[in-house]
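Please treat every number below as a calculation from the coordinates, not as lab data. Because the structure is predicted, anything quoted here is derived from the model rather than measured. Heads up, the Cβs are rebuilt from the backbone with ideal geometry, glycines too, and the neighbour counts pull from every protein chain shown.
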Amino acid sequence: MSEIIIKTPEQIEGIRQSSKLAGQCLVMIEEYVKEGVTTDHLNNLIEEFIRDHKAIPATVGYNGYPKASCISLNEVVCHGIPSPTEVLKEGDILNIDVTTILNGYYGDTSRMYTVGEISKRAAKIVDVAKHCLDLGIDQVKPGNHLGNIGFVIGRYAKANKFSVVYEFCGHGIGLDFHEAPQVDHIARRNSGPILQAGMTFTIEPMINEGRPTTRVDKYDGWTARTSDGKLSAQFEHTILVTNSGFEVLTDVIGEY
C-alpha cells in the first residue's frame, strides 16, 4: 500500500465536514429501522439524504457496487446489498454503513441497529462490538503503534468469547475512499507504523459470535457472511490523530 498521507489543516476540515454528514445520515435513518421495512427503502432514504446535502454516496458504482449504503443483517458481516425483498423482522440486528463524498472529501461510518426485542446473545455481541471500537479509539494518539488498536480489540473480544474478523480491516480515508494505512482489528502489541498527528483512518472491528472466517455470496460477489451462520456485529468511525490524541470525525452526538 502507498505511503500514509498526513493531511493539511484545509484537508482535515474538508474530511471533518464529510464525516459529519455521514454521521448525521446514520442518526437520520434510525427512526425508519423497524419491522416490515425493506433494506432497499432504507438505502433509498440514505441516498436521498446524502444527495440533498450536495454530497455523493461513495459506494455507488465503486468496483461495481450498486447501492448508496451497505446494510448487513444478522450473520452478514459486511457489504450486504440492500434489497426490495429483504424485509426487517422482529429480533434482527443490522449494520448500516455509509460513506460520503462532500466537496471531494470522504467520511465513513457505520453502526448497529436492532429491530424490536432481540435475544440476549444478540444484545451481547452488539455491546461487545461497540466496546471494541471504543477501546480501539482510546489507543489513538501520536507516538503509539497502530497495531495496538487491533491488540486491545482482539484481547477484549476473546475475553468475551467472541472472535475478530481478520479478512476485512479499517483503512486510511479522506482524500480517497481507501488509503494507507491498513488498520487490522487483531494485531500484535506494539506492531505497525507509529501514529502521527494529521493521519485519518477508520476503525471498524467486525465481531463474530462463532468462527472469525467469512464467505462471500457467489451470486453477488459482495455479501460477506459468517462461515458458520452465526451472528456478527460492527461499529465504525473515521478518526483523526491530533497533537494530543484523537478526534472522532463521524461522532455527531457528542459521545467522545
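Candidates in segment 205-235 are the residues that are closer than 30 Å to residue 16 by Cβ and in contact with a helix residue (DSSP H, G or I) (Cβ under 7 Å, 6 or more places away or on another chain); of these, the one that is surrounded by the most Cβ atoms within 10 Å (Cβ to Cβ) is 205. Against the list (1) among the small types (Gly, Ala, Ser); (2) surrounded by fewer than 24 Cβ atoms within 10 Å (Cβ to Cβ); (3) under 22 Å from residue 247 (Cα atoms), the condition residue 136 fails is (2). Residue 2 fulfils the conditions (1) small (Gly, Ala, Ser); (2) touching a His at 6+ places or on another chain (Cβ under 9 Å); (3) not in a helix (DSSP H, G or I) except for a single criterion, (2). Looking across segment 236-256, the residues that are buried (at least 16 other Cβ atoms within 10 Å of the Cβ), out of contact with any Ser or Thr (no Cβ under 8 Å at 6 or more places or on another chain) and of a type in the set (A, V, I, L, M, F, W, C) come down to 246, 252. Return yes when residue 14 is farther than 20 Å from residue 96 by Cα, touching a residue at least 60 places away in the same chain (Cβ under 8 Å) and part of a helix (DSSP H, G or I) and no when it is not. For residue 14, the condition - farther than 20 Å from residue 96 by Cα, touching a residue at least 60 places away in the same chain (Cβ under 8 Å) and part of a helix (DSSP H, G or I) - is met.
For segment 97-126, residues that are without any contact (Cβ under 8 Å) to a residue 60 or more places away in the chain and among the hydrophobic types (A, V, I, L, M, F, W, C) total 2. Counting only residues that are more than 19 Å from residue 37 (Cα to Cα) and surrounded by 15 or more Cβ atoms within 10 Å (Cβ to Cβ), which one in segment 61-78 is farthest from the chain's Cα centre (by Cα)? The residue in question is 65. Output the residues belonging to segment 218-237 that are charged (D, E, K, R) and out of contact with any strand residue (DSSP E or B) (no Cβ under 7 Å at 6 or more places or on another chain). 218, 220, 228 - these are the residues of segment 218-237 that are charged (D, E, K, R) and out of contact with any strand residue (DSSP E or B) (no Cβ under 7 Å at 6 or more places or on another chain). For segment 17-48, filtered to residues that are touching a Ser or Thr at 6+ places or on another chain (Cβ under 9 Å) and charged (D, E, K, R), the residue that is surrounded by the fewest Cβ atoms within 10 Å (Cβ to Cβ) is 40. Restricting attention to segment 149-178, the residues that are of a type outside the set (Val, Ile, Thr), touching a helix residue (DSSP H, G or I) at 6+ places or on another chain (Cβ under 7 Å) and without any contact (Cβ under 8 Å) to a residue 60 or more places away in the chain add up to 5.
Do the conditions hold for residue 129, that is, is it part of a helix (DSSP H, G or I) and either without any contact (Cβ under 8 Å) to a residue 12 or more places away in the chain or in contact with a Leu (Cβ under 6 Å, 6 or more places away or on another chain) (or both)? Here the answer is no, as residue 129 does not meet what is asked. For segment 65-89, the tally of residues that are assigned to a loop (DSSP other than H, G, I, E, B), hydroxyl-bearing (Ser, Thr, Tyr) and under 16 Å from residue 46 (Cβ atoms) stands at 3. Yes or no: residue 109 buried (at least 22 other Cβ atoms within 10 Å of the Cβ) and of a type outside the set (A, V, I, L, M, F, W, C)? Yes: the conditions hold for residue 109.
Scanning segment 26-40 for residues that are part of a helix (DSSP H, G or I) and in contact (Cβ under 8 Å) with a residue 24 or more places away in the chain, which turns out farthest from the chain's Cα centre (by Cα)? Selected residue: 40.
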